[in-house]
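The values are calculated or read from the model by the stated rules, or taken from the named source; none is laboratory data. Keep in mind that what you see is a predicted model, and the values were worked out from it rather than measured. Here the Cβ positions follow ideal geometry from the backbone for every residue, glycine too, while neighbour counts run over all protein chains shown. Ligands, DNA and RNA are stripped out before the accessible areas are found, and what is left, the full protein with its side chains, is counted by its heavy atoms. Shrake-Rupley method; radii C 1.70, N 1.55, O 1.52, S 1.80 Å.
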Amino acid sequence: GDSVTQMEGPVTLSEEAFLTINCTYTATGYPSLFWYVQYPGEGLQLLLKATKADDKGSNKGFEATYRKETTSFHLEKGSVQVSDSAVYFCALTLNTGNQFYFGTGTSLTVIP
Amino acid sequence: NAGVMQNPRHLVRRRGQEARLRCSPMKGHSHVYWYRQLPEEGLKFMVYLQKENIIDESGMPKERFSAEFPKEGPSILRIQQVVRGDSAAYFCASSPPEGKAYEQYFGPGTRLTVT
């Protein structure tokens, strides 16, 4: 079936460190891929997306590249800030479907 | 343009009571989706509705849960006879009539606590 597997947390980094959160997927069709961020006590906010292979999504210094050959969509940021502390969810949706499939989330804490 | 609105933001119910969660989609959106997030887990799809129609309820528990999206007013997720295991955050998303699933916009969620 369709699913997303993402790196388990929690992840703790010092400010200005490099961030990678791994995400791989299984899909029966041609998915679109997403990263969502959830700050404490809040709902989901779309961070970035990519709708076809080799696309790169980027926003607020975060990037992820849709790699069909490795079925991956890893999230990266070159220099994290304390304000990036949140839970990050990788997700996919099929262009023919109606729902999102979410990973279990990775909690990131950035310390000064 | 207001985003997806959900109320209440927090809801406390005792076991056996009913919980009613409301979702007002973004202006112009006619498709609504409900997701549940259990503690320490990702969101899981529950149901997809269009105005007056349930399109896909493959993620809904077979008993006690129901959803509607009437012609007028918000979408309602109803949980009857709540149990402790229903404690979770319930998120609603909406998309435009011509949109695809990836155009879903999420609300802030309702956190249900069953005591």
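On the accessible surface of segment A:7-50, probed at 1.4 Å, how many percent belong to carbon and sulfur atoms?
Reported share for carbon and sulfur atoms: 50 percent.
Which is farthest toward the positive dipole end of chain B among B:MET5, B:VAL114, B:TYR35, measuring Cα position about the Cα centre, with Cβ charges +1 (Lys, Arg) and -1 (Asp, Glu)?
B:VAL114
Return the FRET efficiency for the residue pair B:ARG14, A:GLU42: r is the Cβ-Cβ distance, R0 is 30 Å, and the value is rounded to the nearest 0.05.
E between B:ARG14 and A:GLU42, to the nearest 0.05, is 0.65.
Can you tell me the accessible area per residue over segment B:1-107, all protein chains present, probe 1.4 angstrom, in square angstrom?
52 Å²
Put +1 on the Cβ of each Lys and Arg and -1 on the Cβ of each Asp and Glu in the protein assembly as shown; which of A:LEU44, B:GLN104, B:PRO74 then has its Cα farthest toward the positive end of the dipole?
Going by the charge dipole, the pick is B:PRO74.
Which value, in Å to one decimal place, does the Kirkwood hydrodynamic radius take for chain A when every pair of different Cα atoms is included?
About 14.0 Å for chain A.
How are the C-alpha pair distances of the protein assembly as shown spread across 5 Å bins, as whole percents from the shortest bin up?
1, 7, 14, 18, 18, 16, 12, 8, 4, 1, 0
By a straight-distance test (C-alpha under 21 Å), which lysines pair with B:LYS62 as possible cross-link partners, with residues fewer than eight away in the same chain excluded?
Reachable lysines: B:LYS44.
For segment B:1-48, with only Lys/Arg (+1) and Asp/Glu (-1) charged at the beta-carbon, what is the dipole magnitude about the Cα centre, in debye rounded to 20?
The dipole magnitude comes to about 240 debye.
Note the buried accessible area between A and B here, summed over both chains, with a 1.4 Å probe, in Å² to the nearest 100.
1600 Å²
So for segment B:1-51, what are the equivalent ellipsoid semi-axes in whole Å, largest first, each being the square root of 5 times an eigenvalue of the Cα gyration tensor?
Gyration-tensor ellipsoid for segment B:1-51: 22, 15, 12 Å.
For the modelled label position 7 Å from the Cα of B:MET26 along Cα-to-Cβ, which residues of segment A:15-56 have backbone nitrogen atoms closer than 15 Å?
A:44-49
So how strong a dipole does chain A carry about its Cα centre when Lys and Arg Cβ are +1 and Asp and Glu Cβ are -1, to the nearest 20 debye?
Charge dipole, chain A, about its Cα centre: 280 debye, nearest 20.
Using only the Cα atoms of chain B, each taken as one equal point scatterer with no solvent, compute I(q) by the Debye sum, divide by I(0), and report log10 of the ratio at q = 0.11, 0.12, 0.15, 0.16 Å⁻¹.
-0.31, -0.37, -0.59, -0.67
Working out 0.36 nm times the residue gap between B:LYS71 and B:GLU52, then minus their Cα-Cα distance, what length gain in nm do you get to one decimal?
6.3 nm
In chain A, how many lysine pairs have Cα atoms under 17 Å apart, counting only pairs 8 or more places apart or on different chains?
7
Whenever you get a sec, compute what percent of the accessible area on chain B sits on carbon and sulfur atoms (1.4 Å probe).
Roughly 46 percent of what the probe reaches on chain B is carbon or sulfur.
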